[in-house]
Amino acid sequence: MFSKLRIKKVAKPFKKNWYERVEVSRHLADVEGEHYHYVLFLNVIGIPKGALAVRVDGSIPDLDTAKQVVFRVSSYNNIMRFAGKSKDGMKDILKRPIKTMRTVENQVKEYFGEVIPVGNPLHKELTLLIDLCKTMQDNQPKFDHMFKEICEIGGSQDRNKVLKAETFERLHDIFIEWHVLLYKEQRMQLLNFYDLPLIQQHVDKGGKGKKLYKTLGNMHTEKRKKSFVNFLDGVIHNEVGDISRLSYAPEDVNIFRQLKIKEGYQRFETYLVPLIRNKGDK
């Protein structure tokens, strides 16, 4: 097995400019039993301008093999960065005050009753609000478990360095499922946001309804709305598909899942594949 220094020497003839910096990823990709380095060519300010896959023996594989190496290792690195982000990443979700949703659910049931009859003029709105509370409470332990599993995978990778296909597939599945759960929540929250003023109209501001009225008011802020809208606008890139007409129904959630999977591969083909230099053109 070549050292990283020797891999850099192998990659040197593939530089487009003398000032490009060569960086070798610390993770190897296992493709059909063979191990490959993922090499990046960076400009003077650290922006990637090229990529190369190099077998551990220093030989250069074909483009199809290189695409598997680059996709797996670059995706692994991106997912791990997303997991470690404290803002707009996985850690943000783990810090949510999820007990608040239990409080909302209890207050709604205490005021309107444990069961909302179909004849209630707010049946649709209250049912959505209660379902939202339950969904977020059910999802939180799932998020916790997924994050812990990602951390375990990361710890194992730090020790073993070789990224096997099954390990990557599991990591990719977690990443997709994380966004699917969040999509359903955010779609429900945005729809619920528009219902809150109507529900408030049916709640006594004083006495028995005082706490619920205040809680609903705290949920109806422009800051919260902006958060839902920003997520839904950015979670799928426009060139991949339009999710504006999707609901949180199971069939639409599944459409979102397929689009999220498609997005990763499509953006890889569009933005990373043209940078791969395993083509014989030095």
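Structure notes:
- Taking every alpha-carbon pair under 8 Å whose residues sit at least 6 apart, the stretch 1-137 reaches a relative contact order of 15 percent.
- Fraction of accessible area attributable to carbon and sulfur, the chain (%, probe 1.4 Å): 53 percent
- Cross-link reach list, aspartates and glutamates versus residue 161, counting only Cα pairs under 12 Å and skipping chain neighbours closer than eight places: 30
- The chain: angle of helix 250-267 to the longest principal axis, Cα-based, in degrees nearest 10: 30 degrees
- Placing +1 on the Cβ of every Lys and Arg and -1 on the Cβ of every Asp and Glu, with no other charges, gives the stretch 187-256 a dipole of roughly 700 debye about its Cα centre.
- Most positive-pole-ward Cα, 139, 202, 231, against dipole of the chain from beta carbon charges: 231
- For residue 268, net neighbour charge (Lys/Arg +1, Asp/Glu -1) across residues whose Cβ lies under 12 Å away: +2
- The C-alpha atoms of the stretch 47-186 occupy a region whose extents along the principal axes are 72, 29, 27 Å, arranged from largest to smallest.
- Euclidean distance of C-alpha centroids, the stretch 98-153 and the stretch 211-272, integer Å: 19 Å
- Relative contact order (%) - the chain, alpha-carbon pairs under 8 angstrom, separation at least six: 20 percent
- Under 14 Å from residue 15, Cα to Cα: aspartates and glutamates that are on another chain or at least 8 residues apart: 23, 281
- Applying both filters, DSSP loop and at most 10 other Cβ atoms within 10 Å, to the chymotrypsin sites (Phe, Trp or Tyr not before Pro) of the stretch 1-78 gives 18, 19.
- Flagged links, alpha-carbon separation over 32 Å, of 124/205; 4/67; 85/210; 87/164; 109/260; 85/109: 85/210; 109/260; 85/109
- Accessible solvent surface per residue of the stretch 1-65, calculated while the other protein chains remain in place, 1.4 angstrom probe, Å²: 55 Å²
- What the stretch 128-216 shows is 47 Å² of accessible area per residue, with the surface traced by a 1.4 Å probe over protein heavy atoms.
- In a DSSP loop and with at most 15 other Cβ atoms within 10 Å, the GluC sites (Glu not before Pro) in the stretch 1-65 are 32.
- Options (1) 24.2, 78; (2) 21.7, 70; (3) 18.2, 55 - which one matches Rg and Dmax of the Cα atoms in Å as calculated here: (1)
- Neighbourhood charge, 15 Å Cβ-Cβ cut-off, centred on residue 44 and excluding it, Lys, Arg +1 and Asp, Glu -1: +2
- For the chain, built as a Gaussian network whose Cα springs stay under 10 Å, the top-fluctuating residue of 31, 115, 70: 115
- Percent RCO, i.e. relative contact order, over the stretch 71-216, from Cα pairs under 8 Å lying at least 6 residues apart: 29 percent
- Residues listed by number, the stretch 109-129, amide nitrogen under 20 Å from residue 225 label point at 7 Å toward C-beta: 125-126, 128-129
The values are calculated or read from the model by the stated rules, or taken from the named source; none is laboratory data. Just so it is clear, the model here is predicted, and its values are computed rather than measured. Here Cβ is always computed from backbone atoms with ideal geometry, including for glycine, and neighbour counts include all displayed protein chains. Surface accessibility is based on the protein's heavy atoms, side chains included, excluding ligands, DNA and RNA. Shrake-Rupley method; radii C 1.70, N 1.55, O 1.52, S 1.80 Å.
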